[in-house]
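This report refers to the structure that appears directly beneath it.
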Amino acid sequence: MDGVTLYLSLVSVCGGLANLLVLVVLLRHLRSLRVPEIFILSITLSDFLSCAVGIPLAIHASIAGTWPYCLEGCKAHAFFIYTFGLVSLVHLAIMAFEKYLTIFKHMSKWGNFLSKRGASLIVVGLWVYCLFFTVPPLFGWAAYGLENGNLTCSIKFDSRHPVDISYYVVMYIGGFFIPLGLILYSYYHINKVKHRVAVRKYASNDVNRVAHIRRNVKYAVKLALLIGGYLLSWAPYSVITFLIVLQVELSDQAVYVPSLFAKTSFMYNPFLYLVFFRSFRKKLFVTLTTREYRARRRRKMLLEYFPHLTNESTSTSHTAGAVPLQIRVNVRPDSIPFIVPTGAPLETRL
């Protein structure tokens with residue numbers, strides 16, 4: 001097995017399993033998903049399909065030493081990879097813009113600028129938007145074909161036909177510059193409001209507004225890591241294809257290596273979710289553990305932080321005639337539990 005086959009196999013297997021796990025976790029908590037997680041669910045689906053459908057074809061070609069399928073198979077492979085890659089970019093752009101709108105247009109309320117229903121409709125619209133760019137090469141407006149190395153397929157960027165050149169212009173504007181411009185615009189303004197909060201330009205009594213801004217800016221920083229990872233993977237390939245359109249002579253390796261490197265974007269998102277998104281870690285914990293285990297863990301945490309409590313005092317059994325002490329428990333897996341008797345005075349509960 002050569003290096004290319006090993007690399008593609010690693011992306012396909014690790015990326016496929018990791019994205020499948022994210023899909024299972026998010027689908028299990030489908031009713032409780034927040035607006036950003038609806039977009040993440042769609043991105044994860046496209047990444048999983050890339051690893052499960054698109055990349056295995058390239059693995060077979062790498063083992064065979066050349067593309068083993070017919071031209072129609074090449075077109076299908078290129079269509080899948082191009083569609084799923086573009087889906088991720090436009091979703092990330094809309095997530096950044098939605099976060100900008102949440103911070104600037106939704107300051108008086110908690111939550112997101114978009115509703116869950118609105119986010120779901122936008123997801124459908126984004127897939128249709130991507131198909132507008134990826135379907136035409138199947139029917140003659142530009143064309144899909146083998147890339148240098150004869151192992152993978154993509155758009156043939158070396159055509160000089162005016163019709164194909166018009167497609168390149170539309171594709172670069174709608175499929176790259178508009179999403180990238182939306183990202184840069186959103187983060188330019190998010191960075192400005194972040195600076196204003198840092199230098200305390202808001203009124204001291206506007207605590208809720210400042211807390212809302214800080215919470216969303218913190219999420220925007222995490223989202224920037226996903227965007228940065230995607231751009232890092234696809235930027236070299238985008239530059240190479242642009243040079244091909246400009247008729248710059250390039251070696252086969254100069255074209256083939258960026259094409260392979262771009263496919264890493266399908267693999268690493270689940271690991272970023274795990275490291276930087278606490279809400280996903282909580283959902284993953286619930287998915288991988290039983291209710292009994294979580295109950296035992298909560299009880300153990302209660303006794304650890306409040307050793308004067310006993311199992312009897314935290315249970316629901318009480319002696320006859322005694323007034324039960326109702327206890328409200330607020331526990332997160334990564335936080336200290338707070339125990340507040342429901343009958344306590346307001347000052348005690350605060």
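The values are calculated or read from the model by the stated rules, or taken from the named source; none is laboratory data. All figures in this text were calculated on a predicted structure; none of them were measured in a lab. Backbone-built Cβ (ideal geometry, glycine too); neighbour counts: all protein chains shown.
Within this structure, Pro137 fails the test of being assigned to a helix (DSSP H, G or I) and out of contact with any strand residue (DSSP E or B) (no Cβ under 9 Å at 6 or more places or on another chain). Here Gln247 clears all of (1) outside any helix (DSSP H, G or I); (2) modelled with pLDDT of 75 or more; (3) at negative phi except the condition numbered (3).
Starting from residues that are surrounded by fewer than 18 Cβ atoms within 10 Å (Cβ to Cβ) and among the polar types (S, T, N, Q), keep the ones in segment 149-167 and report whichever is modelled with the lowest pLDDT. Step through it out loud before you land on a result.
Start the filter on segment 149-167 by keeping residues that are surrounded by fewer than 18 Cβ atoms within 10 Å (Cβ to Cβ), which leaves 150, 156, 158-163, 165-166.
Now restrict to residues that are among the polar types (S, T, N, Q): 150, 159, 166.
Values: Asn150: 79, Ser159: 86, Ser166: 93.
If we take residues in segment 149-167 being surrounded by fewer than 18 Cβ atoms within 10 Å (Cβ to Cβ) and among the polar types (S, T, N, Q), then Asn150 is modelled with the lowest pLDDT.
Look at segment 282-304: where a residue is free of Cβ contacts under 8 Å to residues at least 24 places away in the same chain and more than 20 Å from Arg28 (Cβ to Cβ) and a partner is in a helix (DSSP H, G or I) and not aliphatic (A, V, I, L, M), sitting 6+ places away or on another chain with Cβ atoms under 9 Å, you get Arg299/Asn311; Arg299/Thr314; Leu303/Asn311; Leu303/Thr314. In the set (1) of a type in the set (S, T, N, Q); (2) at pLDDT 90 or above; (3) within 20 Å of Ile227 (Cα to Cα), the condition left unmet by Thr102 is number (2). The set of residues in segment 259-309 being more than 19 Å from the chain's Cα centre (by Cα) and surrounded by 19 or more Cβ atoms within 10 Å (Cβ to Cβ) consists of Ser259, Leu260, Leu302.
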